[in-house]
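Worksheet: one structure, shown below.
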Amino acid sequence: MTRPRPLRTLDEVVQTLRSGSACSVLVEGEEQASDAWILKSILLDTLGEEVTFHGRDGRERLLSELPGFLQQFPNDRIFAILDRDFLEDGLVERGYAPNYPGHLFVWRRFTIENYLLEPAGVAEAIEEFYMHQPERISEALRSAETVEQFLLGWCRRLAPQVAGSWVISDLNREARGRGLSVEARRYFEDLTQRDSAWVLAELIRHYDGWRMAHPDLFNEGAVKARFEDRLNRVSAKAQTLSGAHQVVSGKVIMKALYAELPEGPKPGKEYVRNRLVRLASKQVPEDIRILVEERIIPRWRRMRSGGLTGT
């Protein structure tokens, strides 16, 4: 499989739109437009060159560019799909409705990588990696059933950190809404097991400088109450793997999976990801199929058949 290509420039995106040769879909795509490459690879056998995904190096850049694209290229010529992150169900689900008229959609899972982590696909990939030395495979990765329990176990272990990241996401959004310039702490994304007390202490310490000016957001009681609520919600989601995929980053789960591979010679991280992408392409994940094949592409086809191409 080919490697992700560098980020497309705005001019390249505009050129594709003006040609009308393919449906253009903006995605977040940090790390050399990897989201775009993953989606293109998964859908290559079903859509071929009919759709082009443009990685925009993150959510903020995508959201800042989309209005200008829609103004310049109306009539269903461009669409965008965001990672779910910590968006609520209502904002996510509206894009899956058949009559949704908008151009901005959201994955049901936290990131695009979450769609690569189906237990059956992971088990099949690992069996292939160690087909000549199956005895090296750990008990946790020997079957789809054990892989599911392994992934779910990690999601539950990470619950305090996920809840902490959710609090950060909430506070960043609310601070921006009030016009506050609050330094954002990075999400908790390491594999070190952290308990709830440690994560809460880190949050309180980080936001301490703003607690006097904005106590309703940043004082210890407000931060604690928000954290406990988010932890309860994460724990409820993590009762099933499908629920966990909505709140736990696939990028982090992928790190845990790679760390579980046997010691000694093992496939590179990129090779593991590529193989999981190829396996996902054999049976396109339902959310990807619905949003791209059933919602976006039919609208673009109707636009194109009506002669509403480039400016």
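The values are calculated or read from the model by the stated rules, or taken from the named source; none is laboratory data. This structure is a prediction, so every number in the text was calculated from the model and none was measured. Using ideal geometry, Cβ is built from the backbone for each residue, glycine included, and neighbour counts are taken over all protein chains shown.
Laid out as a table, the results:
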quantity: Near pairs, Cβ below 9 angstrom, 6+ apart or cross-chain, from segment 262-281 (within 18 Å of Tyr115 (Cβ to Cβ)) to any residue that is of a type in the set (Lys, Arg); calculated: Lys269/Lys255; Glu270/Arg3; Val272/Lys266; Asn274/Arg3
quantity: Residue within segment 118-128 that is under 22 Å from Glu228 (Cβ atoms) and surrounded by 15 or more Cβ atoms within 10 Å (Cβ to Cβ) present; calculated: no
quantity: Hey, Asp57 farther than 17 Å from Glu286 by Cα, among the charged types (D, E, K, R) and touching a Leu at 6+ places or on another chain (Cβ under 6 Å) or not; calculated: yes
quantity: Scope segment 130-157; condition out of contact with any Phe, Trp or Tyr (no Cβ under 6 Å at 6 or more places or on another chain), among the hydrophobic types (A, V, I, L, M, F, W, C) and more than 16 Å from Leu117 (Cα to Cα); matching residues; calculated: Met131
quantity: Residues (part of a loop (DSSP other than H, G, I, E, B) and closer than 19 Å to Lys251 by Cβ) located in segment 122-166; calculated: Leu158
quantity: Segment 14-46, subset modelled with pLDDT of 80 or more and among the β-branched types (Val, Ile, Thr), residue nearest to Glu60 (Cα to Cα); calculated: Val27
quantity: Search result, residues across segment 287-307 that are over 23 Å from Asp83 (Cβ atoms) and either in contact with a Pro (Cβ under 8 Å, 6 or more places away or on another chain) or not in a helix (DSSP H, G or I) (or both); calculated: Gly306, Gly307
quantity: Residue in segment 84-98 that is surrounded by 15 or more Cβ atoms within 10 Å (Cβ to Cβ), part of a strand (DSSP E or B) and hydrophobic (A, V, I, L, M, F, W, C) present; calculated: no
quantity: Selection count, segment 201-227, where residues are touching a residue at least 40 places away in the same chain (Cβ under 8 Å) and closer than 14 Å to Ala163 by Cα; calculated: 3
quantity: Odd one out for Leu117, checked against (1) among the aliphatic types (A, V, I, L, M); (2) closer than 30 Å to Ile78 by Cα; (3) modelled with pLDDT under 95; calculated: (3)
quantity: Ala280 being under 25 Å from the mean Cα position of the chain (by Cα), surrounded by fewer than 16 Cβ atoms within 10 Å (Cβ to Cβ) and either in a loop (DSSP other than H, G, I, E, B) or small (Gly, Ala, Ser) (or both); calculated: no
quantity: Residue in segment 51-61 that is outside any strand (DSSP E or B), among the hydroxyl-bearing types (Ser, Thr, Tyr) and assigned by TED's automatic domain parsing to the domain that holds Tyr96 present; calculated: no
quantity: Residues located in segment 141-173, provided they are aliphatic (A, V, I, L, M) and touching a residue at least 40 places away in the same chain (Cβ under 8 Å); calculated: Leu141, Leu151, Leu152, Leu158, Ala159, Val162, Ala163, Val167, Leu171
quantity: Matching residues in segment 69-83 - criterion: being of a type outside the set (S, T, N, Q), in contact with a helix residue (DSSP H, G or I) (Cβ under 9 Å, 6 or more places away or on another chain) and in a helix (DSSP H, G or I); calculated: Phe69
